[in-house]
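Colleague: Here it is, the structure, as structure tokens.
What follows is calculated from the coordinates using simple rules that are stated; it is not laboratory data. Remember, it's a predicted structure, so these values are computed and weren't measured experimentally. Using ideal geometry, Cβ is built from the backbone for each residue, glycine included, and neighbour counts are taken over all protein chains shown.
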Amino acid sequence: MNFQLKRYPSNKDAKPILVPRQDIDWEVKAVFNPSVVYDKGVFKMLYRTYPARLGLTTPKMFCPGYFFRNQTSYIGYAESKDGINFERRDTPFISPDTAYDGFGCEDPRITKIGDTFYITYTAIDGSLERIEKGQRSKTNVRIAMASTKDFITLKKHGIIGPPTWSKAAAFFPEKVKGGKIGLLMTIGSDTANSQVMARYYDSMEDVVSSSVAQWDELLKSGKPTLRTYSWLHRGPELGAAPVKTDRGWLLIYSTESMGSIWTVGAALLDIDNPDILLAKSAGNILQPATLYERDGLVPNVTFPEGAVIVEDELYVYYGAADTVIGLATCKLDELLGSLKS
């Protein structure tokens, strides 16, 4: 049997660690897709939410679940000393309040570089109901960035990703490729052509000022770090921000799939040149199995966005059925030993 993560508190008695609060309007319907960093003894989490006004419309024809009405996401903040019991704030940390993210701030990923926490998230500038009706070109889904030093004050930097449909991006916490800032992102997400690709910069100023021509060159000639076969239902998607180990950069990501099920995989990238894939899991290391992973707003989802190493333990935080937040753990050495070249 392939290596599998262990759910909190045990596989026999698994339960989510965060569920929606019914007295907090902006997270009444869902809390999911959490990113976590471990900093100075504190687990710091950003997580996506759905507000009370989210509504279900018609069932989807070719996959489980429903289309949504008023599908506008917020991002909340929580912190914990033990990685399990999190205290949340009553107000959002990132809200949809600009022209480029006014219809949703989704799926945050945190990376600490120096004394600053850089946050990438998916910015939606138009109604997602248009996309569900086949009007995808009228709504932009792109990668945005914000930063903070204390998770109290926040600065939004605008769109940093390509001018095409893209999401799920995260920075490396250290410079790579001879001193470059590395950004991993998902191109063509939610399609059979989905792939994880890296781009490299000389400075953060370059990150926020990339031209369309520069993006066109990367998308035409860039080498994917993770990709799959075009006949699959959906390709891989970046999950958590990369984590440094003594064997390479550890990626906990959303694996490719033949159908409407989201599972978790692991991969190792070369420490100096992350374009080089060294090893990956044979199959998944976590898949929907519990009731809270199989039944929710989007059934059969275990989507990882947080990966933290504390001593010899790996904590993986994930969205379950796009409704609640789960935690799964393992000994880091055991996972690394299970990866195949």
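Colleague: Looking at the chain, identify the longest residue range that excludes and avoids all chymotrypsin sites (Phe, Trp or Tyr not before Pro) in DSSP loops having at most 13 other Cβ atoms within 10 Å.
Modeller: 63-228
Colleague: Something else now. Treating only the Cβ atoms of Lys and Arg (+1) and Asp and Glu (-1) as charged, compute the dipole magnitude of the chain about its Cα centre; round to the nearest 20 debye.
Modeller: Value, rounded to 20: 620 debye.
Colleague: Same structure again: Please check: in the Gaussian network model of the chain (C-alpha springs, under 10 Å), which one of Pro59, Pro288, Pro236 has the largest mean-square fluctuation.
Modeller: Comparing Pro59, Pro288, Pro236 in a Gaussian network model of the chain, the most mobile one is Pro59.
Colleague: Next question. Dimensions of the chain along principal axes (Cα, Å, largest first)?
Modeller: Between the extreme Cα coordinates on each principal axis of the chain lie 50, 49, 45 Å.
Colleague: Follow-up question, since we're still on this one. Cut-off is 10 Å between beta-carbons; in what order do Met258, Met197, Met204 appear when sorted fewest neighbours first?
Modeller: The most exposed by this proxy come first: Met258, Met204, Met197.
Colleague: Between Glu305, Glu217, Glu174, find the one with the highest GNM mean-square fluctuation for the chain; connect C-alpha pairs within less than 10 Å.
Modeller: Highest fluctuation of the listed residues: Glu217.
Colleague: Between beta-carbons, use under 10 Å as the cut-off and find the net charge around Gly222, counting Lys and Arg +1, Asp and Glu -1.
Modeller: Local charge sum for Gly222: +1.
Colleague: Per residue of the chain, what 222 nm ellipticity follows from adding -39500 (n - 2.57) for every DSSP H run with n ≥ 4, rounded to the nearest 500?
Modeller: -2000 deg cm²/dmol
Colleague: Would you tally the net charge around Phe172, using a Cβ to Cβ cut-off of less than 13 Å, leaving Phe172 out, and scoring K and R as +1, D and E as -1?
Modeller: Net charge around Phe172: +3.
Colleague: Okay, moving on. Which length gain, in nm to one decimal place, applies between Asp216 and Asp312 when the Cα-Cα distance is subtracted from 0.36 nm times their residue separation?
Modeller: Separation in residues times 0.36 nm, less the Cα-Cα distance, equals 30.4 nm.
Colleague: Cut-off under 16 Å on the C-alpha distance; same-chain residues fewer than 8 positions from Lys155 excluded. Which aspartates and glutamates are left, in chain and number order?
Modeller: Asp97, Asp101, Asp115, Glu205
Colleague: To continue, here is another question. Add +1 for every Lys or Arg and -1 for every Asp or Glu among the other residues with Cβ under 15 Å from the Cβ of Ala192, and state the total.
Modeller: It works out to a net charge of -1.
Colleague: Given a cut-off of 32 Å, name the pairs among Lys112/Lys340; Lys175/Lys340; Lys12/Lys167 whose C-alpha atoms lie farther apart than that in the structure shown.
Modeller: Beyond 32 Å: Lys12/Lys167.
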